[in-house]
Amino acid sequence: MPKHYRPAGKKKEGNAAKYITRTKAVKYLQISLATFRKLCILKGVFPRDPKKKVEGNHKTYYHMKDIAFLAHDPLIEKFREIKVHRKKVKKAFAKKNKDLADRLLNRPPTYKLDRLILERYPTFVDALRDLDDCLTMVHLFAALPAVEGERVQVQRIHNCRRLSHEWQAYISRTHSLRKTFISVKGIYYQAEVQGQKITWLTPHALQQVLTDDVDFNVMLTFLEFYETLLGFINFKLYHSINVNYPPVLDPRLEALASELYALCRYMSSGRVPGNSEPAGLIEDKKDEDNKESSKTDESELRLAQLQHQLPTNEPGALMHLVQESTAADADDADAKECRSLFKNLKFYLSREVPRESLLFIIPAFGGTVSWEGEGAPFDETDEDITHQIVDRPTQSHVFLSREYVQPQWIYDCVNARIILPTEGYIVGRVPPPHLSPFVDNDAEGYIPEYAETIKRLQAAAQSQVLPLPSLGDEDMENSLVEAIIDRSESNEIADKKRKLEMLEKQYHDELRMEYEGKTFSNRTADNQPDVVDKSDTKEADDHMEDSHKQAEKDAADISKTLMSRKQRGLLQAIEINQERKKDKVNLLKKRKKNADSSASAKGR
């Protein structure tokens, strides 16, 4: 008898009992594969990878508890009702009973996913953490063409567009946008909502084509769940700022495809749920009523925290409260910085620039914006306009009171959190490189030249010093003083480096003489050093470097022998990653050197 023989009818154990293949799961639930896939997407059930795959490596495994969880869900019964309903409609059409078919089509079985949202996300923060893919999917379908007869219904595309605009209007209204980046895939955004960083991708405003390589049934199932999730999140966020949801838009602006601007107008004059007065008036009344009692409430709250929440034997509790308060202040400072970036600036968008993206970004950082077309809040001839965003080499009308810049200037200013000089973004010039704010240059080991320039500008903006000289006498004097200070500092650094090199050379000379067995006297700073052959010094330096490298290599080999196989594998992966980073940095430096050399050759 084999060692692992199990008699027929005995209960399974181990991975054979914990996991089940997809084919067996479909038979166990008595549903089709498409229905099983849809049910798993809606319920959030994903395949597992057991250590020991009982029935082979080529099969997909699910946890048995997940399958039992699906078996008791009411959605299975709803899906069966939908299947029966389709069969009835097909049978009615086959019997040419048009009246029965119409009655059946007008009363199809429906289901809601509200229960699943609460089931998968018990708290609101959990829903915000899982919002990245949701926003990316909704913005993707919002950019698809709304054409009848396609694989995606027109109503769903309009719904995705409405949900995406509602989300953007909230982010713009609360000034929660933090980063943005233009890539080949689209435009990346990152916002901070209730302490959670949310990153999503929106496609470029181009004509989208539906390909046959994508399984739209799976994507539409994900979209069905994401629409419900985003609707609940928008409802919660709008009520958190005392604005009614769903918003009632201006029909004229909605007809002109200016939904985002209409939403911003609605939220700026929004009404509190259950009240007919504007939110601003109600907030003013509340501020007036609570002005006298606010100080007493704050003092009572602090006293209660000190008396009841602070243990007497825990010295770090007070420091913990201080750290929380400073973190809240830092968040407020970050939001204040974003709110006042484009303050007192007025922008006008030409028709060739990405209008929806800029209409979303500029108000989120405190700017006022208009565009070329119907429904715009002000015209191009407005004298208060400070910047006009254009992307054409020539303009029909040029106003001397404003600056004409390319759209990249807006995105770079947002990422740098300062107003960058517009000289490099003038129309007709090649703009500076568009750097990604999602890349840590220090960790990558390579800092681009323009990133260093932005750092200097940020430091100058924080110390309130103009980084670039202008035509004024005071600016010229300040720049000269800065140049003199920088030159004196560089001279001091060069002197220190020269002294260190002399001391290092003297040390190597003494080591070489000691190695050769020669006697030498203690040298002082007043005595002149002996003349040493350059070739001997170089040989001694090379010998010292080789000895240091050999010692480091020996220590690394000894430590590797004491490691386990898993630790050696991790160390090898880390070393390979470091080598790849070094190669990438060297390649970038080589490309920069070649670009500089070619630019200098053209300049000649």
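The values are calculated or read from the model by the stated rules, or taken from the named source; none is laboratory data. Note that the structure is predicted; figures quoted are calculated from it, not measured. Cβ: placed from backbone, ideal geometry, glycine included. Neighbour counts: every protein chain shown. What goes into the accessible areas is simple: the full protein's heavy atoms, side chains included, and nothing from ligands, DNA or RNA. Shrake-Rupley method; radii C 1.70, N 1.55, O 1.52, S 1.80 Å.
Okay, residues lined up against (1) open to solvent by 30 Å² or more (accessible area, probe 1.4 Å); (2) not hydrophobic (A, V, I, L, M, F, W, C):
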site: Asn344; (1), (2): yes, yes
site: Ile361; (1), (2): no, no
site: Phe399; (1), (2): yes, no
site: Val414; (1), (2): no, no
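In the range 78-86, is there at least one residue being among the aromatic types (Phe, Trp, Tyr) and in contact (Cβ under 8 Å) with a residue 12 or more places away in the chain? Looking for residues that are among the aromatic types (Phe, Trp, Tyr) and in contact (Cβ under 8 Å) with a residue 12 or more places away in the chain, one finds at least one in the range 78-86, hence yes.
Let's see how each residue does on (1) open to solvent by less than 90 Å² (accessible area, probe 1.4 Å); (2) in the same structural domain as Pro122 (by the TED database); (3) at pLDDT 85 or above; (4) touching a helix residue (DSSP H, G or I) at 6+ places or on another chain (Cβ under 9 Å):
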{"position": "Lys3", "(1), (2), (3), (4)": "no, no, no, no"}
{"position": "Arg6", "(1), (2), (3), (4)": "no, no, no, no"}
{"position": "Ile20", "(1), (2), (3), (4)": "yes, no, yes, yes"}
{"position": "Lys27", "(1), (2), (3), (4)": "no, no, yes, no"}
{"position": "Leu33", "(1), (2), (3), (4)": "yes, no, yes, yes"}
{"position": "Arg37", "(1), (2), (3), (4)": "no, no, yes, yes"}
{"position": "Cys40", "(1), (2), (3), (4)": "yes, no, yes, yes"}
{"position": "Lys51", "(1), (2), (3), (4)": "no, no, yes, yes"}
{"position": "Glu55", "(1), (2), (3), (4)": "yes, no, yes, yes"}
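Pairs are defined by a Cβ separation below 9 Å, a sequence spacing of at least 6 or placement on different chains, a first member in the range 356-368 that is over 9 Å from Leu177 (Cα atoms), and a second member that is surrounded by fewer than 21 Cβ atoms within 10 Å (Cβ to Cβ) and among the small types (Gly, Ala, Ser); the pairs so defined are Glu356/Ala205; Ser357/Ala205; Gly366/Ser340.
Determine whether the range 382-395 contains at least one residue that is assigned to a strand (DSSP E or B), in contact (Cβ under 8 Å) with a residue 12 or more places away in the chain and surrounded by fewer than 19 Cβ atoms within 10 Å (Cβ to Cβ). Scanning the range 382-395, I find no residue that is assigned to a strand (DSSP E or B), in contact (Cβ under 8 Å) with a residue 12 or more places away in the chain and surrounded by fewer than 19 Cβ atoms within 10 Å (Cβ to Cβ), so the answer is no.
Assess whether Asp133 counts as being open to solvent by 50 Å² or more (accessible area, probe 1.4 Å), farther than 21 Å from Gln196 by Cβ and not aromatic (Phe, Trp, Tyr). Judged against the criteria, Asp133 is not a match. Total residues in the range 339-379 satisfying the condition of being under 28 Å from Glu192 (Cβ atoms) and either in a helix (DSSP H, G or I) or of a type in the set (D, E, K, R) (or both): the figure is 13.
Entry remark, the range 363-381: residues being open to solvent by less than 30 Å² (accessible area, probe 1.4 Å) and over 16 Å from Ile419 (Cα atoms) number 6 in total. Consider the range 184-205 and keep the residues that are touching a residue at least 12 places away in the same chain (Cβ under 8 Å) and in a loop (DSSP other than H, G, I, E, B). The one that is least open to solvent (accessible area, probe 1.4 Å) is Gly186. Among the residues of the range 48-67, the ones that are more than 37 Å from the chain's Cα centre (by Cα) and either among the charged types (D, E, K, R) or assigned to a helix (DSSP H, G or I) (or both) come to 3 in all. Specify which of the listed residues (Val390, Val398, Val427, Val414) is touching a strand residue (DSSP E or B) at 6+ places or on another chain (Cβ under 7 Å) and at pLDDT below 90. Among Val390, Val398, Val427, Val414, only Val427 is touching a strand residue (DSSP E or B) at 6+ places or on another chain (Cβ under 7 Å) and at pLDDT below 90. In summary, Leu349 fulfils each of the numbered conditions (1) at pLDDT below 50; (2) open to solvent by less than 40 Å² (accessible area, probe 1.4 Å); (3) among the aliphatic types (A, V, I, L, M) with the single exception of condition (1). The single residue among Met513, Met563, Met544 that is open to solvent by less than 70 Å² (accessible area, probe 1.4 Å) and at pLDDT 80 or above turns out to be Met563. Scanning for something open to solvent by less than 60 Å² (accessible area, probe 1.4 Å) and either in contact with a Phe, Trp or Tyr (Cβ under 6 Å, 6 or more places away or on another chain) or at positive phi (or both), does the range 87-98 turn up at least one residue? No. Can we say Arg151 is farther than 29 Å from Pro74 by Cα, open to solvent by 30 Å² or more (accessible area, probe 1.4 Å) and in contact with a helix residue (DSSP H, G or I) (Cβ under 7 Å, 6 or more places away or on another chain)? No: the conditions fail for Arg151.
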